[in-house]
């Protein structure tokens, strides 16, 4: 009787695959939620488009090419320059800090419609304060290594 009870209470873990247990559960939950969204939101929207009650949001609208391609170029430059600048100041997070400041400034200037002294001041202060605060919290308080 003793060996039967001890085998029932013993646990064996396969360490080669045990780390995949929870990600599989999360993947199935996310797939189920995606299916629910498709059924409850996308399908009725497409039916309304087919009946002519609604239109597709992107088709037929003018595109702001300068902002679209400028955003793509800035994102590519941001990730490239973060490692380049980070290699100049290794293990300090200055690559993240300096490049994020420039990125936030340029993105804000690109999407700003009216260039007034007040709005430019707000953009410059935001471009300095927001990345500095994020850098301080991540790099100094939580000691997370940044590029």
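The values are calculated or read from the model by the stated rules, or taken from the named source; none is laboratory data. These numbers were taken from a predicted model, which means no experiment stands behind them. Glycine gets a Cβ as well: all are built from the backbone with ideal geometry, and neighbour counts include every protein chain shown.
In this structure, is residue 98 more than 21 Å from the chain's Cα centre (by Cα) and surrounded by 13 or more Cβ atoms within 10 Å (Cβ to Cβ)?
So residue 98 fails the test.
Hey, residue 67 hits all of (1) without any contact (Cβ under 8 Å) to a residue 12 or more places away in the chain; (2) under 30 Å from residue 49 (Cα atoms) but one; which does it fall short on?
With (1) without any contact (Cβ under 8 Å) to a residue 12 or more places away in the chain; (2) under 30 Å from residue 49 (Cα atoms) applied to residue 67, the lone miss is (1).
Which of the residues spanning segment 134-144 are part of a helix (DSSP H, G or I), within 18 Å of the chain's Cα centre (by Cα) and at pLDDT below 90?
Answer for segment 134-144, where residues must be part of a helix (DSSP H, G or I), within 18 Å of the chain's Cα centre (by Cα) and at pLDDT below 90: just 138.
Any idea which of 131, 147, 44 is surrounded by 14 or more Cβ atoms within 10 Å (Cβ to Cβ) and modelled with pLDDT of 90 or more?
131
Assuming residue 118 fulfils every condition listed in (1) in contact (Cβ under 8 Å) with a residue 24 or more places away in the chain; (2) part of a helix (DSSP H, G or I) apart from one, which condition is it?
With respect to (1) in contact (Cβ under 8 Å) with a residue 24 or more places away in the chain; (2) part of a helix (DSSP H, G or I), residue 118 is out only on (1).
Yes/no matrix, rows are residues, columns are (1) in contact with a helix residue (DSSP H, G or I) (Cβ under 7 Å, 6 or more places away or on another chain); (2) under 23 Å from residue 70 (Cβ atoms):
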position: 99; (1), (2): yes, yes
position: 106; (1), (2): yes, yes
position: 119; (1), (2): no, yes
position: 129; (1), (2): no, no
position: 135; (1), (2): yes, no
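Restricting to segment 49-72, count the residues that are modelled with pLDDT of 90 or more and surrounded by 10 or more Cβ atoms within 10 Å (Cβ to Cβ).
6
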